[in-house]
Amino acid sequence: MRRSQSSMLRIVFFLLLINASCNNHNSISNNTDKKNNDSAIVKNGYGEKNPIDTIVYNKILQQLANGDTTGLWPAKAPYPLAGAILPFYRVIAFYGNLYSKRMGILGEIPKDSMFKKLQQEIAKWKAADSSLPIKPALHYIAVSAQGAPGKDGKYRMRMPFHQIDTIIDWAKQINALVFLDIQVGHSFVKDEVPPLETYLKLPQVHLGIDPEFSLKNGEVPGSKIGSFNAEDVNDAIDFLADVVKKNNLPPKILVVHRFTQGMLTGYERIKKVPEVQVVMDMDGWGDKVLKKSTYLRYIYREVVEFTGFKLFYKNDIKKGNDQFYTPPELLKFIPKPIYIQYQ
């Protein structure tokens, strides 16, 4: 599943916009169990640090495993710190950047229209699965890969803080989470995450990293699909874990995008720590058969912790509107994705 052609187009377009803009700135089995489950769900949310109910936690993981008989799922990982969002909530996120209408629904349409559309998607998920409440999220590209090297030769552009501030403000208006997404270009995760520490100290702000635009051999982003190894991912985990410890925060969520074998190497070496909850997000576009096979090969089989699924409003329907996955269809997947992203 490749996105290199469309990726290059959006990078070139985005570069032109950035150059112009940056001149102005830098079922729980019985009633008793259900009651306990609902209680835990209500408490573990937007930065609150209530103890994890491990019985409820385990039952939800079994539900997400969706009858898997291989022993792969649920994934084996330590219990998270108090206040963990996953698996007590399903996260429904809109992705994009305010400088471009071609990078995702977040930025493509006006804020109020975007909020309305997000609530419509949330309503569909609530109708399909009432067992988990939903946290809305704005997944914002905070570091964008570029088609030109820039002054430092890193082929990436860090977004101005005032734009991040706007996203933080928007998220507060709908009690949403924020994910800051990083496309490193010729830079590295360990260099791009620390400048965002001020935001990552906030309990509602989490992180996404995208190997597609990590080019370690000097290629131009968008000309081929990039890659991360386990050490790159662990750099993000180590930093987030340190932020959590230093600031006495609930766990952070780390979303790692993936849609090919080569995008991530050494998945079995990715750290699993109580401070960070890792979501492997199936990030490719295409028809249903292609997307499902990709999920099976790279998300289901190469187990990390939690799973996500990305839906493309335009690219997924190139072969027809019936190729856009619905919530009931995705809930049949093994495991059920707990993070859903719309672009």
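Bear in mind that the values in this text are calculations on the coordinates, not laboratory data. Keep in mind that what you see is a predicted model, and the values were worked out from it rather than measured. A quick note on method: Cβ atoms are made from the backbone with ideal geometry, for glycine too, and the neighbour counts reach across all protein chains shown.
Beta carbons closer than 7 Å, at least 6 apart along the sequence or on distinct chains, pair a first residue in region 296-320 that is over 16 Å from ASP281 (Cα atoms) with a second that is of a type in the set (Val, Ile, Thr) and surrounded by 15 or more Cβ atoms within 10 Å (Cβ to Cβ) for TYR313/ILE105.
Checking every residue in region 232-241 against the condition of being assigned to a loop (DSSP other than H, G, I, E, B) and surrounded by fewer than 24 Cβ atoms within 10 Å (Cβ to Cβ) gives zero matches. Among the candidates TYR95, TYR89, TYR140, the residue that is under 29 Å from LYS49 (Cβ atoms) and out of contact with any Phe, Trp or Tyr (no Cβ under 9 Å at 6 or more places or on another chain) is uniquely TYR89. Using the structure shown, decide if ILE134 is buried (at least 23 other Cβ atoms within 10 Å of the Cβ) and touching a strand residue (DSSP E or B) at 6+ places or on another chain (Cβ under 7 Å). Taking the combined requirement at face value, the residue does not satisfy it. Return the pair list, or none, for Cβ contacts closer than 6 Å from residues in region 95-123 that are at positive phi and assigned to a loop (DSSP other than H, G, I, E, B) to residues that are surrounded by 17 or more Cβ atoms within 10 Å (Cβ to Cβ) and not charged (D, E, K, R), at least 6 apart or on different chains. From residues that are at positive phi and assigned to a loop (DSSP other than H, G, I, E, B), the pairs are GLY104/TYR95; GLY104/GLY96; GLY104/GLN343.
Taking region 137-151 as the range and being surrounded by fewer than 16 Cβ atoms within 10 Å (Cβ to Cβ) and either assigned to a strand (DSSP E or B) or basic (Lys, Arg) (or both) as the test, only LYS151 passes.
For region 178-200, a residue qualifies if it is part of a loop (DSSP other than H, G, I, E, B) and within 14 Å of ILE167 (Cβ to Cβ), but none of them does. One residue stands out among those in region 295-330 that are assigned to a loop (DSSP other than H, G, I, E, B) and under 18 Å from the mean Cα position of the chain (by Cα): the one that is farthest from LEU86 (Cα to Cα), which is TYR313.
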